[in-house]
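A short worksheet on the structure shown next.
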Amino acid sequence: MLKIDRKNTARIFSVITHSAKQLTAQVLGLLFSMFVIHYYSQELWGGFVANLLYVSVSLLVLGWGNKDYLLREFAKTPAKIGQLFYTAFSTRLVLLLLSLSLTFLLFPASQSGYLAVWIVAGYLAQSLEVFWMYHRDYLAAIGLEILAFLWLLMVLDYAGQLTPQILLEWYCWYQAFRAVLYAGLYRSILKQPQFTIDWHFFAATSSFFLLSFSGFLQSRADFVVIALYEKPEQVGIYQVLNTYFILIHAMGTFILLPFLKNIYRLQLAAVDKIQRQLVWMAPFIVTVSLIGLYFLLRLAYHITLDWGFYVIGFFITFPPYLYAVKIIRLFRDNRQQLVFWVGLRAIAISSGLAFVLLRLGFGLKGALFAAATAQIYTAYQYLNIDSFEKQGHPIQS
């Protein structure tokens with residue numbers, strides 16, 4: 001009995017630390033936005049968000065499904081971990097060169113060099129992400145992220161008055177410092193480089209990339225549109241809201257993590273029971289989280305929003321709890337294509353409606369309403385999969 005308890009304790013601890021690591025980026029991002037807005041201005045943060053969005057999209061493309069693909073291949077052939085890593089790393093360098101060329105074309109000289117540092121550092125840190133996941137070095141990775149973040153806050157505080165250029169420069173050096181820490185953590189694995197290009201890598205990882213890309217756009221399509229049409233201070237506020245809403249989404253997934261293996265193994269009725277329990281918990285989780293957001297915005301960010309923002313926020317953050325288990329079941333049944341098509345349609349709804357409502361002058365509320373509409377559509381699709389397919393109308397066609 002003791003052995004079983006220890007085994008379960010270790011498993012629960014692994015799940016908790018993994019969840020904590022996945023939350024770290026969002027939490028540190030919120031803390032950083034809080035620091036800039038609280039001590040400086042919403043406009044400064046909003047201007048910086050444009051760079052943040054550009055680099056985020058760039059790194060998503062540069063990743064090209066690398067992490068998920070390598071985790072699978074590491075499990076199959078653990079003796080070839082170094083070779084697999086370097087093949088994926090060197091093959092994707094082609095994308096890195098294209099990204100850097102585009103950066104120097106799109107941005108002025110005062111920004112492009114620093115953005116290039118940020119992208120290269122992000123490419124390295126992103127590539128090494130597979131190692132802390134494979135070896136379950138969650139605590140080490142969390143400690144590394146916190147150390148780098150504290151260094152950033154220290155140098156920004158020392159810098160005194162921040163301008164958009166100074167903020168960009170120091171944030172790029174922070175990303176470089178963070179990448180160096182990751183490289184130091186896995187220096188033993190990186191000792192023997194084997195630079196080999198395998199063009200088949202892009203085809204082998206394309207399904208992973210498309211899923212991650214559609215997921216990214218589904219949660220940020222409205223944000224991309226608003227970044228093009230709104231003033232920097234409005235973009236800054238929206239980025240904070242968007243990040244917080246993603247955190248509320250993520251709570252449902254983290255609640256399910258300890259039961260993931262069960263969901264893969266259990267019969268349909270038992271899985272549906274887990275889904276119902278999650279749905280019953282969701283209104284409480286979402287409501288408490290939105291109340292927390294209200295006080296966070298008022299006290300830390302000095303931002304006051306009317307009640308309508310929080311009502312719309314509920315309809316953005318609640319629907320994912322309705323279909324969280326459904327998505328896991330679809331992956332279990334190797335039906336990722338269906339997830340991709342639903343996500344693609346949700347992106348079209350979110351971005352298209354946001355564009356129209358912003359053009360009509362509805363501002364932040366219009367973009368949030370577009371996101372809520374896309375989430376409600378997504379929930380409707382997943383909750384009616386079985387009835388659609390019984391009628392001969394598969395939603396992925």
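So the values come out like this:
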item: Within the accessible area of the chain (1.4 Å probe), percent carbon and sulfur; result: 66 percent
item: Residue-normalised accessible area of the chain, given per residue in Å² at a 1.4 Å probe; result: 50 Å²
item: Accessible area (Å², 1.4 Å probe, nearest 10) - R178; result: 50 Å²
item: Full-stretch length increase - Q165, I291 - with 0.36 nm per residue and alpha-carbon distance subtracted; result: 41.9 nm
item: Alpha carbon convex hull of the chain, projected area averaged over orientations, nm²; result: 21.8 nm²
item: Where S212, S289 fall by accessible area, highest first, once all protein chains stay in place (1.4 Å); result: S212, S289
item: Heavy-atom SASA rank of E145, E230 (probe 1.4 Å, accessible area, largest first); result: E230, E145
item: Only Lys, Arg (+1) and Asp, Glu (-1) charged, at Cβ; the chain dipole about Cα centre in debye; result: 1340 debye
item: Mean Kyte hydropathy of 1.6 or more with a Cα span along the axis of at least 24 Å, helices from DSSP in the chain; result: 138-159
item: Estimated translational D of segment 274-322 in µm²/s (Stokes, Kirkwood radius over Cα pairs; 10 °C; 1.306 mPa s); result: 137 µm²/s
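The values are calculated or read from the model by the stated rules, or taken from the named source; none is laboratory data. Keep in mind that this is a model prediction, so the values were computed, not measured. Here the Cβ is made from the backbone with ideal geometry for all residues, glycine too, and neighbour counts use every protein chain on show. These accessible areas exclude ligands, DNA and RNA; they are computed on the full protein's heavy atoms, side chains included. Shrake-Rupley method; radii C 1.70, N 1.55, O 1.52, S 1.80 Å.
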